[in-house]
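Below: the structure, in C-alpha coordinates.
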Amino acid sequence: MLFTLLAFFAGAAIALQASMNAQLGMLLKSPILATVCALFSLVILGVSSAGAPNYKVISHIPWYLWGVGGIFSAVGVGLCYFLIPKMGVGNLMSMVLSGQLLMAMLITHFGWFNVQQASISPQKLLGISAMLIGLILVNKDFSAS
(Lines give C-alpha, C1' and ligand atoms only; values in the text may rest on other atoms or scores of the structure.)
Protein backbone atom coordinates (compact mmCIF):
# COMPACT_ATOMS: atom_id res chain seq x y z
CA MET A 1 0.00 0.00 0.00
CA LEU A 2 2.83 2.40 0.86
CA PHE A 3 4.52 1.81 -2.50
CA THR A 4 1.23 2.43 -4.30
CA LEU A 5 0.82 5.76 -2.51
CA LEU A 6 4.43 6.70 -3.24
CA ALA A 7 3.98 5.82 -6.92
CA PHE A 8 0.82 7.91 -7.06
CA PHE A 9 2.73 10.79 -5.44
CA ALA A 10 5.57 10.36 -7.96
CA GLY A 11 3.09 10.68 -10.82
CA ALA A 12 1.54 13.78 -9.26
CA ALA A 13 5.00 15.26 -8.71
CA ILE A 14 5.89 14.67 -12.37
CA ALA A 15 2.72 16.47 -13.50
CA LEU A 16 3.43 19.39 -11.14
CA GLN A 17 7.11 19.56 -12.08
CA ALA A 18 6.39 19.38 -15.79
CA SER A 19 3.74 22.10 -15.61
CA MET A 20 5.97 24.41 -13.58
CA ASN A 21 8.97 23.88 -15.83
CA ALA A 22 6.81 24.32 -18.94
CA GLN A 23 5.90 27.75 -17.60
CA LEU A 24 9.58 28.39 -16.87
CA GLY A 25 10.41 27.34 -20.44
CA MET A 26 7.79 29.74 -21.80
CA LEU A 27 9.11 32.60 -19.68
CA LEU A 28 12.69 31.83 -20.72
CA LYS A 29 11.48 31.32 -24.32
CA SER A 30 13.35 28.00 -24.30
CA PRO A 31 12.06 24.65 -23.02
CA ILE A 32 15.66 23.41 -23.14
CA LEU A 33 16.78 25.96 -20.55
CA ALA A 34 13.99 24.77 -18.28
CA THR A 35 15.62 21.34 -18.08
CA VAL A 36 18.44 22.69 -15.93
CA CYS A 37 16.40 21.59 -12.92
CA ALA A 38 18.68 18.56 -13.11
CA LEU A 39 21.23 20.79 -11.40
CA PHE A 40 19.04 20.49 -8.32
CA SER A 41 19.69 16.73 -8.41
CA LEU A 42 23.44 17.38 -8.45
CA VAL A 43 23.10 19.68 -5.43
CA ILE A 44 21.13 17.00 -3.57
CA LEU A 45 23.78 14.41 -4.45
CA GLY A 46 26.45 16.73 -3.09
CA VAL A 47 24.76 17.17 0.26
CA SER A 48 23.44 13.63 0.67
CA SER A 49 25.21 10.94 2.64
CA ALA A 50 25.28 8.64 -0.40
CA GLY A 51 27.93 10.64 -2.23
CA ALA A 52 29.31 9.91 -5.66
CA PRO A 53 30.36 6.38 -6.62
CA ASN A 54 34.07 5.57 -6.87
CA TYR A 55 35.96 4.96 -10.12
CA LYS A 56 35.82 1.16 -9.82
CA VAL A 57 32.01 1.23 -9.75
CA ILE A 58 31.81 3.79 -12.57
CA SER A 59 34.24 1.89 -14.82
CA HIS A 60 32.02 -1.22 -14.84
CA ILE A 61 28.91 0.60 -16.01
CA PRO A 62 28.19 0.36 -19.77
CA TRP A 63 28.68 3.68 -21.58
CA TYR A 64 25.15 3.75 -22.97
CA LEU A 65 23.64 3.82 -19.48
CA TRP A 66 25.37 7.18 -18.92
CA GLY A 67 24.85 8.91 -22.24
CA VAL A 68 21.79 7.40 -23.87
CA GLY A 69 19.70 7.43 -20.68
CA GLY A 70 20.54 11.10 -20.21
CA ILE A 71 19.57 11.86 -23.79
CA PHE A 72 16.21 10.10 -23.35
CA SER A 73 15.66 11.99 -20.10
CA ALA A 74 16.46 15.38 -21.62
CA VAL A 75 14.34 14.68 -24.72
CA GLY A 76 11.39 13.40 -22.68
CA VAL A 77 11.48 16.25 -20.18
CA GLY A 78 12.16 18.88 -22.83
CA LEU A 79 9.28 17.63 -24.98
CA CYS A 80 6.93 17.84 -21.99
CA TYR A 81 7.92 21.45 -21.37
CA PHE A 82 7.48 22.23 -25.06
CA LEU A 83 4.12 20.45 -25.43
CA ILE A 84 2.24 21.46 -22.26
CA PRO A 85 1.50 25.00 -23.53
CA LYS A 86 0.32 23.52 -26.84
CA MET A 87 -1.73 20.53 -25.58
CA GLY A 88 -2.52 21.26 -21.95
CA VAL A 89 -1.15 19.38 -18.99
CA GLY A 90 -4.00 16.84 -18.77
CA ASN A 91 -3.83 15.79 -22.40
CA LEU A 92 -0.05 15.65 -22.37
CA MET A 93 0.20 13.66 -19.15
CA SER A 94 -2.33 11.11 -20.38
CA MET A 95 -0.23 10.64 -23.53
CA VAL A 96 3.02 10.52 -21.53
CA LEU A 97 1.57 7.96 -19.15
CA SER A 98 0.39 5.82 -22.07
CA GLY A 99 3.82 5.96 -23.67
CA GLN A 100 5.46 5.05 -20.36
CA LEU A 101 3.14 2.09 -19.81
CA LEU A 102 3.52 0.74 -23.34
CA MET A 103 7.32 1.00 -23.19
CA ALA A 104 7.37 -0.49 -19.70
CA MET A 105 5.36 -3.43 -20.98
CA LEU A 106 7.89 -4.03 -23.78
CA ILE A 107 10.88 -3.65 -21.45
CA THR A 108 9.36 -6.13 -19.01
CA HIS A 109 8.30 -8.57 -21.74
CA PHE A 110 11.81 -8.77 -23.16
CA GLY A 111 13.63 -8.39 -19.83
CA TRP A 112 15.73 -5.47 -21.07
CA PHE A 113 18.09 -3.75 -18.60
CA ASN A 114 18.00 -6.75 -16.24
CA VAL A 115 14.41 -6.16 -15.13
CA GLN A 116 12.32 -9.10 -14.03
CA GLN A 117 10.75 -10.57 -17.16
CA ALA A 118 6.98 -10.94 -17.45
CA SER A 119 5.37 -11.89 -20.75
CA ILE A 120 2.64 -9.84 -22.35
CA SER A 121 -0.59 -11.67 -21.57
CA PRO A 122 -4.12 -11.36 -22.96
CA GLN A 123 -5.08 -9.67 -19.67
CA LYS A 124 -2.36 -7.04 -20.17
CA LEU A 125 -3.41 -6.49 -23.78
CA LEU A 126 -7.00 -5.98 -22.61
CA GLY A 127 -5.77 -3.51 -19.99
CA ILE A 128 -3.75 -1.55 -22.55
CA SER A 129 -6.74 -1.53 -24.92
CA ALA A 130 -8.97 -0.18 -22.14
CA MET A 131 -6.34 2.45 -21.34
CA LEU A 132 -6.18 3.57 -24.97
CA ILE A 133 -9.98 3.81 -25.12
CA GLY A 134 -9.85 5.85 -21.92
CA LEU A 135 -7.16 8.05 -23.45
CA ILE A 136 -9.43 8.80 -26.39
CA LEU A 137 -12.34 9.58 -24.05
CA VAL A 138 -10.19 11.84 -21.84
CA ASN A 139 -8.73 13.80 -24.75
CA LYS A 140 -11.70 14.06 -27.14
CA ASP A 141 -13.90 17.11 -26.69
CA PHE A 142 -17.32 15.68 -27.55
CA SER A 143 -19.08 18.97 -26.83
CA ALA A 144 -17.25 20.70 -29.73
CA SER A 145 -18.69 18.29 -32.30
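The values are calculated or read from the model by the stated rules, or taken from the named source; none is laboratory data. Values in this document were obtained by computation on a predicted structure and should not be read as measured data. Please note: Cβ atoms are built from the backbone with ideal geometry, for glycine as well, and neighbour counts cover all protein chains shown.
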task = Among residues belonging to the stretch 113-145 that are modelled with pLDDT of 90 or more and under 30 Å from I61 (Cα atoms), point out the one that is surrounded by the fewest Cβ atoms within 10 Å (Cβ to Cβ).
result = S119
task = Would you be able to say whether some residue in the stretch 76-98 is outside any helix (DSSP H, G or I) and surrounded by 10 or more Cβ atoms within 10 Å (Cβ to Cβ)?
result = yes
inquiry  = Which of the numbered conditions does G76 fail, given that it passes all the others? Conditions: (1) farther than 30 Å from M131 by Cβ; (2) at pLDDT 80 or above.
reply    = (1)
ask   = Looking at (1) surrounded by 13 or more Cβ atoms within 10 Å (Cβ to Cβ); (2) part of a helix (DSSP H, G or I); (3) not polar (S, T, N, Q), which is the one condition that is false for L106?
value = (1)
